[in-house]
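Written out below as structure tokens is the structure these notes cover.
The values are calculated or read from the model by the stated rules, or taken from the named source; none is laboratory data. The shown structure was predicted, so the numbers you read here are calculated from the model rather than taken from an experiment. Glycine gets a Cβ as well: all are built from the backbone with ideal geometry, and neighbour counts include every protein chain shown.
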Amino acid sequence: MGKKKLNNSQRPAPAAQQAASANMAEANRIEFDVWYAMREAAIPGQHHREILKADFKGRGLKEFETVEAFDIALQKYGISL
């Protein structure tokens, strides 16, 4: 039996799918300062923004991450929301 040929419209486009998922992941990322402004009321005053930012950087987080990534890093720092 012969192989069925797929039309171009039926073939998955892995590069396009990866680009779309990368764009979605990028869209969910926010800057550290934006995250801190969102969570500032829940973080005790003695934990300064600069110290948290340095700790997060030491844990491998970048300037733009997801809210969940920043929240997890905050829990590892010792503050639970």
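Observations
- Residue pairs whose Cβ atoms lie under 9 Å apart, sitting 6 or more positions apart in sequence or on different chains, and linking a residue in the range 44-58 that is within 17 Å of LEU81 (Cα to Cα) and exposed (fewer than 13 other Cβ atoms within 10 Å of the Cβ) to a partner that is modelled with pLDDT under 95 and not aromatic (Phe, Trp, Tyr), are PRO44/ILE79.
- Hey, ARG39 surrounded by 10 or more Cβ atoms within 10 Å (Cβ to Cβ), modelled with pLDDT of 60 or more and under 17 Å from the mean Cα position of the chain (by Cα) or not: yes
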